[in-house]
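Asker: Take this structure first; my questions come after.
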Amino acid sequence: MSATETLRLSGAMNLRTLADPHAALVEAFAAGTDLTLDLSEVEEADLTFVQLIVSAQRTAEAQGLKLALAAPAPEPILQILERGGFIGPAPDARRDFWLAQEQ
């Protein structure tokens, strides 16, 4: 059983600010740590942030680790997910992840 840590992200999550969150994800997965992401203080985000989290999901799954959200993604992220076609109105695993619902 691996340890679980919470990674709290805040402010703007975009191409210019993703170096630190990326490094934290890489470090946690290299250590075999399950992660819970707290996105409640993310004020804005762009598509690169969504891509980072989708990539982190795949990495965690490939390594037998868990990546979850502490709470549903905030509105700025949900808007990007909907506009980008990452989630739709019908329930599925991707929508469940972003809405922090058990799968």
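Asker: Take the residues of region 78-89 that are closer than 16 Å to Val54 by Cα and not aliphatic (A, V, I, L, M): which is surrounded by the most Cβ atoms within 10 Å (Cβ to Cβ)?
Answerer: Of all residues in region 78-89, those closer than 16 Å to Val54 by Cα come to 78-88.
Applying the additional criterion that residues be not aliphatic (A, V, I, L, M) yields 79, 82-86, 88.
Numbers: Gln79: 13, Glu82: 13, Arg83: 9, Gly84: 11, Gly85: 7, Phe86: 19, Gly88: 11.
Out of the qualifying residues, it is Phe86.
Asker: Restrict the check to region 62-77 and report whether at least one residue is modelled with pLDDT of 95 or more, exposed (fewer than 14 other Cβ atoms within 10 Å of the Cβ), small (Gly, Ala, Ser) and part of a helix (DSSP H, G or I).
Answerer: yes
Asker: For Ala12, are the conditions met, namely being in contact (Cβ under 8 Å) with a residue 24 or more places away in the chain, small (Gly, Ala, Ser), more than 22 Å from Asp96 (Cα to Cα) and assigned to a strand (DSSP E or B)?
Answerer: Details: in contact (Cβ under 8 Å) with a residue 24 or more places away in the chain: yes; small (Gly, Ala, Ser): yes; more than 22 Å from Asp96 (Cα to Cα): yes; assigned to a strand (DSSP E or B): yes.
Judged against the criteria, Ala12 is a match.
Asker: Something else now. Which ones in region 74-88 are touching a helix residue (DSSP H, G or I) at 6+ places or on another chain (Cβ under 6 Å) and under 14 Å from Ala12 (Cα atoms)?
Answerer: Within region 74-88, Ile80 is the sole residue that qualifies.
Asker: Counting just the residues of region 9-26 that are surrounded by fewer than 12 Cβ atoms within 10 Å (Cβ to Cβ) and farther than 16 Å from Ile77 by Cα, which one comes out farthest from the chain's Cα centre (by Cα)?
Answerer: The residue in question is Arg16.
Asker: I'd like the residue in region 27-61 that is surrounded by 15 or more Cβ atoms within 10 Å (Cβ to Cβ) and of a type in the set (Gly, Ala, Ser) and, out of all such residues, is farthest from the chain's Cα centre (by Cα).
Answerer: Ala28
The values are calculated or read from the model by the stated rules, or taken from the named source; none is laboratory data. Every value quoted in this text rests on a predicted model; they were computed, and no experiment measured them. Positions of Cβ are backbone-derived with ideal geometry, glycine not excepted, and every protein chain shown enters the neighbour counts.
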